[in-house]
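Report on the structure given below.
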Amino acid sequence: MKIGYAKVSTREQSFDLQMDALKTAGCTKICREKISGARAERPVLDELITNIRGGDVLVIWKLDRQGRSLKHLVELVADLIEKDVGLLSFNDPIDTTTAQGRLVIIFKASRSQNFHADRNRRPVTNNAKGTRWRPNAYLPKG
């Protein structure tokens, strides 16, 4: 059985796009959760993971909506694999029902974590127009 999980972080965000995609993916059950990404607990997701059965597939909208951090994402995927549950991401080439898909999710998760770390480390410059990102700050000069 395909079970969908949709998450938004703020009142301004809508479930509509995620719900349409999860229905299109053939999910027979969809769990929705409105909770900040900064919060450690996610009661709906936790209950879903507890009750999901072997052979089921958890379908999500995007990988970054699923895990709070790389560590959390890897632990979640490991729990799903241990339960013989697949993970399918609608917007990422992720399908852990195959060995190749399990490898891709580990690679994708680590790349995502590195991107966020690099973005947060990137120096800024102050000028008359305000603070701006310097996207080429770490590129070699010359």
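Just the residues that are part of a loop (DSSP other than H, G, I, E, B) and within 24 Å of residue 72 (Cα to Cα), please, taken from the stretch 28-46. Don't jump to the end; show me each part of the working.
At the first step, the residues of the stretch 28-46 found to be part of a loop (DSSP other than H, G, I, E, B) are 28, 35-42.
35, 36, 37, 38, 39, 40, 41, 42 - these are the residues of the stretch 28-46 that are part of a loop (DSSP other than H, G, I, E, B) and within 24 Å of residue 72 (Cα to Cα).
Applying the criterion of being outside any loop (DSSP other than H, G, I, E, B) and not aliphatic (A, V, I, L, M) to the residues of the stretch 69-94, the residue that is surrounded by the fewest Cβ atoms within 10 Å (Cβ to Cβ) is 82. Within the stretch 83-112, residues that are within 20 Å of residue 7 (Cβ to Cβ) and charged (D, E, K, R) sit with their Cβ atoms under 7 Å from residues that are at pLDDT 75 or above and outside any loop (DSSP other than H, G, I, E, B), at 6+ positions apart or across chains, in these pairs: 92/63; 95/86; 95/88; 95/101; 108/63; 108/94.
Scan the stretch 53-63 for residues that are within 13 Å of residue 77 (Cα to Cα) and not in a helix (DSSP H, G or I) and the total you get is 4.
Here 75, 82, 41 are screened, and the one residue that is at pLDDT below 85 and within 17 Å of residue 97 (Cα to Cα) is 75. If you go through the stretch 36-60 and keep only what is under 14 Å from the mean Cα position of the chain (by Cα) and either on the phi > 0 side of the Ramachandran plot or surrounded by 13 or more Cβ atoms within 10 Å (Cβ to Cβ) (or both), you end up with 37, 42, 45, 58, 59, 60.
The values are calculated or read from the model by the stated rules, or taken from the named source; none is laboratory data. Keep in mind it's a predicted model, so treat the numbers as computed, not measured. A quick note on method: Cβ atoms are made from the backbone with ideal geometry, for glycine too, and the neighbour counts reach across all protein chains shown.
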